[in-house]
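The values are calculated or read from the model by the stated rules, or taken from the named source; none is laboratory data. If you're wondering where the values come from, they're calculated on a predicted model, not measured in any experiment. Positions of Cβ are backbone-derived with ideal geometry, glycine not excepted, and every protein chain shown enters the neighbour counts.
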Amino acid sequence: MNPDDPRAQRTRARLHAALLDLAAERELGSITISEVAKRAEVNRATVYLHYPDVDTLAADALEDAVAEVARAAALCPLDAPRDRAPEPLTALFAHVSAGAARYAWLLGSPRCTARLRERLTGELSARFAGGARPPGFDDVPPDVHAAYLSGALVGVIAHWVTGPRTTPAAELALSFWRLFRP
């Protein structure tokens, strides 16, 4: 099986979504390959073609979720006006809102939260090293700046998905942007 084949990628995405949905409903340790297969609407043999067990599937699914947040955050244009959140940030909060139960589960795990923060810090550090850094922070090392922003974004997302979520996604994106861009 070629992992770059679009069919394999679609199947893995369905398996990730199925596992994350199930994990939002109950403990990961109680989820079986059969349940994942049923939720993803594939047979068990298909799951085993991609993953030997639920733990390996979970690690891959978490990495995918982490990458999604990191990519969206890294795409934000740093020179966007303060009164309008950039589209990638608005899309990120809409994405998190649509999968709030998944992200609540993800961010309920210290290991997953740390992984998300590390990945996001790495994405932003690379972007800052490439010269795409907001002005006015030359007196702060780029890696410290990236870690600060990553922690803030992860903290806001965690607060939002684990609380009552009374603030709409677009409004939260704008609030975060205003904090980011004083």
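A single member of 126, 147, 132 is at pLDDT 90 or above and in the same structural domain as residue 101 (by TED's automatic domain parsing), and it is 147.
Of the candidates 101, 67, 74, 80, the single residue that is surrounded by 15 or more Cβ atoms within 10 Å (Cβ to Cβ), touching a residue at least 40 places away in the same chain (Cβ under 8 Å) and either closer than 23 Å to residue 114 by Cβ or of a type outside the set (A, V, I, L, M) (or both) is 74. Could you please find all residues in region 4-29 being exposed (fewer than 14 other Cβ atoms within 10 Å of the Cβ), modelled with pLDDT of 90 or more and closer than 22 Å to residue 105 by Cα? Listed by number, the list holds a single entry, 13.
Residue pairs whose Cβ atoms lie under 9 Å apart, sitting 6 or more positions apart in sequence or on different chains, and linking a residue in region 162-173 that is in the same structural domain as residue 108 (by TED's automatic domain parsing) to a partner that is loosely packed, with under 13 Cβ neighbours inside 10 Å, are 169/98.
So for region 108-131 (the condition being more than 30 Å from residue 55 (Cα to Cα) and touching a His at 6+ places or on another chain (Cβ under 7 Å)), does at least one residue qualify? Yes; the residues of region 108-131 include at least one that is more than 30 Å from residue 55 (Cα to Cα) and touching a His at 6+ places or on another chain (Cβ under 7 Å). Filter region 47-64 down to the residues that are at pLDDT 90 or above and among the hydrophobic types (A, V, I, L, M, F, W, C), then identify the one that is surrounded by the fewest Cβ atoms within 10 Å (Cβ to Cβ). Among them, the one singled out is 49.
Pairing residues of region 130-157 that are without any contact (Cβ under 8 Å) to a residue 24 or more places away in the chain with residues that are in a helix (DSSP H, G or I) and of a type outside the set (D, E, K, R), at Cβ distances under 7 Å and at least 6 apart in sequence or on separate chains, gives 137/145; 142/125; 142/128; 142/129; 143/125; 145/128; 156/176.
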